[in-house]
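Engineer: Below you'll find the structure I mean.
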Amino acid sequence: MPSDFQQIALWWGPGVLILMVFVYGGLRLARYWIEKTMEVKRQQMDSAFGIARQYVEQFLGTQRSQADALSRLAACVEHRDTHESFEHQEMLIALKALHRDIAALPCRENQLKIDDCRLSIGQQP
């Protein structure tokens, strides 16, 4: 039995060692490949989040500048600092008066009543 065992070990021993070296190398290569793949995916996610963050920052900056412009316009109209703001306020007053006058017209009230009657009986106005 010992001679058979020695012969088997002589024939298979170096092959098993070589096989173990290849398996170890293959496992290290697979681990390296998985790590690199995960790193690339992480970089892609960071890039996507960076693009989304930049878009949100630009959107918020635009909203902030629009709010500033509106507040400057409102302050200008309220304080009547310039000739243009006075004209703007006059236009706003004229528009309000025009809407009030249109709402007060008797033909407008009659037309609204006629439209309400038509809608209640199912006809098109």
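Engineer: Based on this model, can you work out whether VAL23 counts as modelled with pLDDT of 95 or more and among the β-branched types (Val, Ile, Thr)? Reasoning before the result, please.
Structural biologist: Values: modelled with pLDDT of 95 or more: yes; among the β-branched types (Val, Ile, Thr): yes.
Yes: the conditions hold for VAL23.
Engineer: Is it true that some residue in the range 86-106 is at pLDDT below 65 and assigned to a helix (DSSP H, G or I)?
Structural biologist: Our first condition is that a residue be at pLDDT below 65; within the range 86-106, this holds for 105-106.
Adding the requirement that they be assigned to a helix (DSSP H, G or I) leaves 106.
Among the residues of the range 86-106, at least one is at pLDDT below 65 and assigned to a helix (DSSP H, G or I), which makes the answer yes.
Engineer: Another question, if that's okay. In this structure, does LEU112 turn out to be among the hydrophobic types (A, V, I, L, M, F, W, C), modelled with pLDDT of 75 or more, part of a helix (DSSP H, G or I) and surrounded by 10 or more Cβ atoms within 10 Å (Cβ to Cβ)?
Structural biologist: Working: among the hydrophobic types (A, V, I, L, M, F, W, C): yes; modelled with pLDDT of 75 or more: no; part of a helix (DSSP H, G or I): yes; surrounded by 10 or more Cβ atoms within 10 Å (Cβ to Cβ): yes.
No: the conditions fail for LEU112.
The values are calculated or read from the model by the stated rules, or taken from the named source; none is laboratory data. The structure presented is a predicted model; accordingly, all values stated were derived computationally and were not measured. Cβ coordinates were reconstructed from backbone atoms using ideal geometry, including for glycine residues, and neighbour counts include every protein chain displayed.
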